[in-house]
Amino acid sequence: MSLFRTSRIIERQIDEFLDAVNQGALLFRDAVDAYLAGRLDEFNDKRERLEELEGRADHLSREVESSLYTQSLIPEHRGDVLGLLEHTDDIIDRAKTCLQRFDVERPDIPPAWQDHYHRLAHTAYAAAEAVVMAARRFFRDPAGVTDYLFKVHHYEGECDKIGLELRRGIFADPELDLAHRQHLRYFAEAVDRVADMAEAVADRLAIYSIKRRL
Amino acid sequence: MTLGVLFFLSSGLFLGWSLGANDAANVFGTAVGSRMVRFGTAALICSVFVIVGAVLGGSGAAHTLGRLGSVNALAGAFTVALSAALSTFAMTRAGLPVSTSQAIVGAIIGWNLYAGMITDTGALTSIVLSWVLCPLLAGVAAVVIFLLLKATLGRAHIHLLRQDALVRAGLILVGAFGAYSLGANNIANVMGVFLPDNPFPDRELLGMSVTGVQQLFMLGGVAIAVGVMTYSGKVMRTVGGGIMRLSPEAALVVVMAQALVLFVFASEELEAWLLGHGLPSIPLVPVSSSQAVIGAIVGLGLLRGGRMIRLRPLGSIGLGWLATPAAAGVTAFVLLFVVDNVFDQTVARTVHFRVDEAVTARMEDEGVPASTLADLLGTETTNGLSLQKTLERDHALARHVARRVVGLAEVAPIHVDLVRINRDLDPDWLGVDQMRAVRSLAGLRFDHTWQLYDALAQASPLWRLREDIPLNRLWNKEVRQKREFLVRTFRDESQP
């Protein structure tokens, strides 16, 4: 039956999209690690792969949107699903932009603060991973979404704490001039923004999942 | 079939068209309104299954309507159906959730009053009871189905897209079932009044025997289908997007509950099963699909705490129970007068009532002394209602006893003709013993139907009614149907 075939195709596209976002967040984390360790070839390789994945995620998101409208599928939740995909796509988009800035601006991160950036990238990844899992749950088990949302909020809070600690430390560091301090702060915020995007998606998911429950 | 007959059927076909235009929205409205199912798909499925339901399952509810009043002239049936259609139209314009079931009942009672026939209070009571029962049952069914669906979906963890596809498929399947139930239950409204004067003879079609009733119901089903195809789209979109703003899953529950209730009130098979297991049966009565839908939605509303329930539709249902039959009854009475006196058409075949010795003797057996009815002996009238009133007023008989006398006094000249026995009776349907009993009466004449029934009961125990308990109801129903068939077959039309 074509109805079931169409929905199977879209299900697969949505799964692929979420895989792409998850994998993109992983590449983002590893690329930041590689940059901090000075492995620039590895960093560039991961950045390029992330850019490809971001393009793929965009394409999948458009395909799903087009199918949902042309086939008039899930009329009750179409807006929510498209909003979810669009905002989840922003996570990988933000990660890509962040890595491109690293590539272009090549910030000089003193060894004393590298651990903070490392922790920040890992926690932002954890938030993104949790929100992708929550998004998967939304499609199959809306009641189970809240378990993951709790994790997203936790990791985003951790990111805020690390970011604040980092900014305080940078601006208190007498060895850094103002321009350097501002440059480092800018990158702390850029990495933190990935977690902020994850939290924005989580906030939407909380409402969508309530609407999805019968 | 002449053009004249087709003209007389036209009011029923109009009623069928309006039923299709309005009630199909109860089956597919939410699905089409929420764009889960395309109108073309909905209209096609609805049309096919309405016709199937009407032809295969329509006789149960029609039988109950027939008990209420047997409109015995084609012009009368035309007027009754027209009155129902007109009052349905007027009430719809007034914004009430109108029911063709209630309109036709009112119109039949209007005919009974005009023709001086007695309304069977037993049939009327079960019909009115079913109107109240219908939305209640739909509400309960909706709650049960909703809880089951919620529990299933909660455990199954089906993907949103897969669930959407399943709900669509479910809406189509349940819609088909709903259309079948609508056809089976509501065809009695459209064509029931034409049954006593059915112009279609039984015939063979592609090696299958198709009864006149089935042909009549198929014609009505086609009229409903035309209503669905031509006009229901607009109503469906209004219903789907307007008063019934439901999620597709809730829409599925509502349609399922409504279809189940209509099926329960139409299915002879279910009735047979219930009776066969000694369970109380539900009367087979045409009920309102609109009111079933409202009942189902209110049920879901109560389940969610009752905040969404608006009292206005509930009040409208109650008002509909009274206003619709009353409006249809008055319209029928007035129109029958016009058709009878202005257009000079026979709207009711004259039924004669004669209190003869057989009647008084039979009443004596039932505990009414012959002396009570002595001064009425030989009385003949064509107005059963006035005879009943005379018996109540002048002879101090209780209403049910007076009705019994009128029933016994109804004259129905019967001649058990051997040629007809051989030609018209189906030995497979009657069975050897019942057939033998009928043959033993060959050549006899009776003035009243009950005399034939008595003679049959004497000739074979298989023609006897059994004690009125649930277990025997199926048997009694079958015996009654066979006896009525014999009366129609052996009716001596040469005598008044």
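The values are calculated or read from the model by the stated rules, or taken from the named source; none is laboratory data. In this text, all values refer to a predicted model and were calculated from it rather than measured experimentally. Every residue, glycine among them, receives a Cβ derived from its backbone with ideal geometry; neighbour counts consider all protein chains shown. Note: accessible area is taken over every heavy atom of the protein model, side chains too, but ligands, DNA and RNA are not part of it. Shrake-Rupley method; radii C 1.70, N 1.55, O 1.52, S 1.80 Å.
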Restricting attention to the stretch B:130-140, does a residue exist that is in contact (Cβ under 8 Å) with a residue 40 or more places away in the chain and either outside any helix (DSSP H, G or I) or on the phi > 0 side of the Ramachandran plot (or both)? no
How about the stretch A:1-23: which of its residues are within 14 Å of another protein chain (Cβ to nearest Cβ), under 19 Å from residue A:54 (Cβ atoms), open to solvent by 10 Å² or more (accessible area, probe 1.4 Å) and touching a residue at least 60 places away in the same chain (Cβ under 8 Å)? A:15
Scanning the stretch B:421-434 residue by residue, the ones that are surrounded by fewer than 18 Cβ atoms within 10 Å (Cβ to Cβ), in contact with a helix residue (DSSP H, G or I) (Cβ under 6 Å, 6 or more places away or on another chain) and at pLDDT 85 or above total 1
Could you tell me which numbered condition residue B:360 fails, if it satisfies all but one of (1) touching a Leu at 6+ places or on another chain (Cβ under 7 Å); (2) in a loop (DSSP other than H, G, I, E, B); (3) hydroxyl-bearing (Ser, Thr, Tyr)? (2)
So the check is Cβ under 8 Å with 6+ separation or different chains; which pairs have a first residue in the stretch A:153-171 that's within 15 Å of residue A:117 (Cβ to Cβ) and a second one that's in a helix (DSSP H, G or I) and among the aromatic types (Phe, Trp, Tyr)? A:166/A:113; A:166/A:117; A:169/A:113; A:170/A:113
Which residues, taken from the stretch B:92-123, are in contact with a Leu (Cβ under 6 Å, 6 or more places away or on another chain) and part of a helix (DSSP H, G or I)? B:100, B:108, B:114, B:123
Restrict the check to the stretch B:157-178 and report whether at least one residue is more than 14 Å from every other protein chain (Cβ to nearest Cβ) and in contact with an Asp or Glu (Cβ under 8 Å, 6 or more places away or on another chain). no
From the list B:445, B:491, exactly one residue is open to solvent by 60 Å² or more (accessible area, probe 1.4 Å) and within 16 Å of residue B:425 (Cβ to Cβ). Which is it? B:491
In the stretch B:138-156, the residues that are open to solvent by less than 60 Å² (accessible area, probe 1.4 Å) and away from every other protein chain (no Cβ under 11 Å): B:138, B:139, B:141, B:142, B:143, B:145
Please work out which residue is farthest from the other protein chains (Cβ to nearest Cβ), limiting yourself to the stretch A:24-41 and to residues that are over 15 Å from residue A:106 (Cβ atoms) and either out of contact with any helix residue (DSSP H, G or I) (no Cβ under 6 Å at 6 or more places or on another chain) or among the acidic types (Asp, Glu) (or both). A:33
Quickly run through the stretch B:465-488 and pick out the residues that are more than 18 Å from residue B:408 (Cβ to Cβ) and open to solvent by 70 Å² or more (accessible area, probe 1.4 Å). B:466, B:467, B:468, B:471, B:473, B:478, B:488
Conditions first: (1) closer than 26 Å to residue B:367 by Cβ; (2) in contact (Cβ under 8 Å) with a residue 12 or more places away in the chain. Residue B:421 passes all but one, so which condition is the exception? (1)
So, in the stretch B:372-393, of the ones that are part of a helix (DSSP H, G or I) and open to solvent by 90 Å² or more (accessible area, probe 1.4 Å), which residue ends up modelled with the lowest pLDDT? B:375
Could you check the stretch A:168-193 and list, in sequence order, the residues that are over 15 Å from residue A:105 (Cα atoms) and of a type in the set (Asp, Glu)? A:173, A:175, A:177, A:192
